[in-house]
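Asks: Quick one: structure below, then a few questions.
The values are calculated or read from the model by the stated rules, or taken from the named source; none is laboratory data. Keep in mind that what you see is a predicted model, and the values were worked out from it rather than measured. Virtual Cβ from ideal backbone geometry, glycine too; neighbours counted across all protein chains shown. All accessible areas refer to the heavy atoms of the entire protein, side chains included, with ligands and DNA or RNA removed. Shrake-Rupley method; radii C 1.70, N 1.55, O 1.52, S 1.80 Å.
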Amino acid sequence: MKLILLGAPGAGKGTQSEVISEYLHIPTISTGNMIREALKSGTEMGLQARRYVEAGQLVPDEVVIGIVRERLSREDCAGGYILDGFPRTIPQAEALERMGIEVDRVIEIAVSDEAITRRMSGRRVCLKCGATYHLDYKKPKVDGVCDHCGDALVQRKDDRPETLQERLRVYHEQTEPLKGFYAAKGKLFVVEGQEKVEDTTRLTLAALNA
Ligand code: ADP
Ligand code: ZN
């Protein structure tokens, strides 16, 4: 099963991909997490990416396409995977096709800009393992501590309100056209994002026929 999760920043792609990943026993490939790791460890790619990420803009296609190509060629991707945050532009989707990859389904998690803006103020992440939490909807077992690895939870710089508005603008302009791209291929399934994580999960699994 090769899946793409599509949706605005904060729509809940990361949260749902964690659940589906466990359910289907396939890895989640999150370009957002890979880029954040590169920022943290200060690799060449991280140095190139920082100014885009901090401004709420997309990292150039060729940079992201390169890291995805490398990641998908690894052993653990042989039985399928979930792409979270890629493709995010039409050229990225075309590059995926040129790699000879045919995805099975594209699931859009649809959430209004207003709901996203409300939600994002409560988002917290673990920079060590990439797990995401929410102060109201997905609390860690211990306040401020990652359930998986015990690292401290933080608010991402790019979750600040001004940057979020820019990310939403970029989403509508550059990523939303992918809906038409995949709908035309009969691959798009829309899931209305719900207030409760488990409700969205139920609808997402239904869309997978899982
Ligand atoms: P979001 O919460 O906006 O979905 P992610 O965690 O997926 O964000 O990504 C964080 C940032 O990393 C994005 O705002 C963008 O700058 C960069 N990024 C992630 N995936 C891509 C991609 N496929 N193409 C370009 N930039 C990306
Ligand atoms: Zn962690």
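Asks: What are the principal axis extents of the Cα atoms in the chain, in Å, biggest first?
Replies: Dimensions of the chain along the principal axes of its Cα atoms: 43, 40, 34 Å.
Asks: Same structure again: Given contacts defined as C-alpha pairs under 8 Å and at least six residues apart, what's the relative contact order of segment 70-141, whole-number percent?
Replies: Here the relative contact order equals 12 percent.
Asks: If you place +1 on the Cβ of every Lys and Arg, -1 on the Cβ of every Asp and Glu, and leave all else neutral, what size is the dipole of the chain about its Cα centre, to the nearest 20 Debye?
Replies: 240 debye
Asks: Hey, if you put +1 on the Cβ of every Lys and Arg and -1 on every Asp and Glu Cβ in the chain, which of I26, Q92, I116 ends up farthest toward the positive end of that dipole?
Replies: Farthest towards the positive end: I116.
Asks: Report the relative contact order of segment 1-89, percent, no decimals, based on alpha-carbon pairs under 8 angstrom and at least 6 residues apart.
Replies: 52 percent
Asks: For segment 1-123, what is the per residue volume of the convex hull drawn over the alpha-carbon atoms, in cubic angstrom?
Replies: 117 Å³
Asks: Just the number, please: percent antiparallel of the DSSP beta bridges in the chain, rounded to the nearest 5.
Replies: 35 percent
Asks: Let me ask something additional. Relative to the compact-globule scaling 2.2 N^0.38 Å, provide the ratio for the alpha-carbon radius of gyration of segment 100-178.
Replies: Rounded to two decimals, the normalised Rg is 1.30.
Asks: Leaving out ligands, DNA and RNA, what percent of the accessible area of the chain is carbon and sulfur, probe 1.4 Å?
Replies: Ligands and nucleic acids excluded, carbon and sulfur give 50 percent.
Asks: Roughly how far apart, in whole Å, are the Cα centres of segment 146-160 and segment 73-101?
Replies: Measuring centre to centre over Cα atoms gives 26 Å.
Asks: A follow-up question, please. Assign unit charges at the C-beta atoms only (+1 for Lys and Arg, -1 for Asp and Glu), then state the dipole size of segment 162-207 relative to its Cα centre in Debye, rounded to the nearest 20.
Replies: 300 debye
Asks: Continuing with this model, one more query. Please compute the modelled spin-label separation between D147 and A110, points set 7 Å along Cα→Cβ, answer in nm with one decimal.
Replies: So the two model labels end up 2.9 nm from each other.
Asks: Continuing with the same structure: Test of understanding: express the Cα radius of gyration of segment 92-142 as a ratio to 2.2 N^0.38 Å, with N the residue count.
Replies: Expressed relative to 2.2 N^0.38 Å, the Cα Rg reads 1.65.
Asks: Next question, about the same structure. Let me check against my output: what whole-number percent is the relative contact order of the chain, with C-alpha pairs under 8 Å and at least 6 apart?
Replies: The normalised contact order for the chain reaches 30 percent.
Asks: Per-residue HN-Hα couplings for segment 128-142, Karplus 6.51 cos²θ - 1.76 cosθ + 1.60 at θ = phi - 60°, whole Hz, x for Gly and Pro?
Replies: 6, 10, x, 5, 10, 9, 9, 4, 9, 9, 8, 6, x, 4, 10
Asks: Rolling a 1.4 angstrom probe over the protein heavy atoms, how many square angstrom per residue are accessible across the chain?
Replies: Counting only protein heavy atoms, the per-residue value for the chain is 50 Å².
Asks: Scan around V190 for amide H atoms under 5 Å from its own, H built in the peptide plane at 1.01 Å from N, and keep only partners 5 or more places away or cross-chain.
Replies: Here the answer is E108, since their amide H atoms fall under 5 Å of that of V190.
Asks: Follow-up. Between G42, Q165, T204, whose Cα lies farthest towards the positive end of the dipole of the chain when Lys and Arg beta carbons carry +1 and Asp and Glu beta carbons carry -1, centred on the Cα centre?
Replies: In the chain, that residue is G42.
Asks: Which sequence of S21, S112 reflects their accessible areas, 1.4 Å probe, from the largest down?
Replies: Output order, biggest surface exposure first: S112, S21.
Asks: Expressed in nm², what is the orientationally averaged projection area of the convex hull enclosing the Cα positions of segment 58-134?
Replies: 6.7 nm²
Asks: For segment 155-210, what Kirkwood radius comes out of the mean inverse Cα-Cα distance, in Å?
Replies: The Cα-based Kirkwood calculation yields 13.6 Å.
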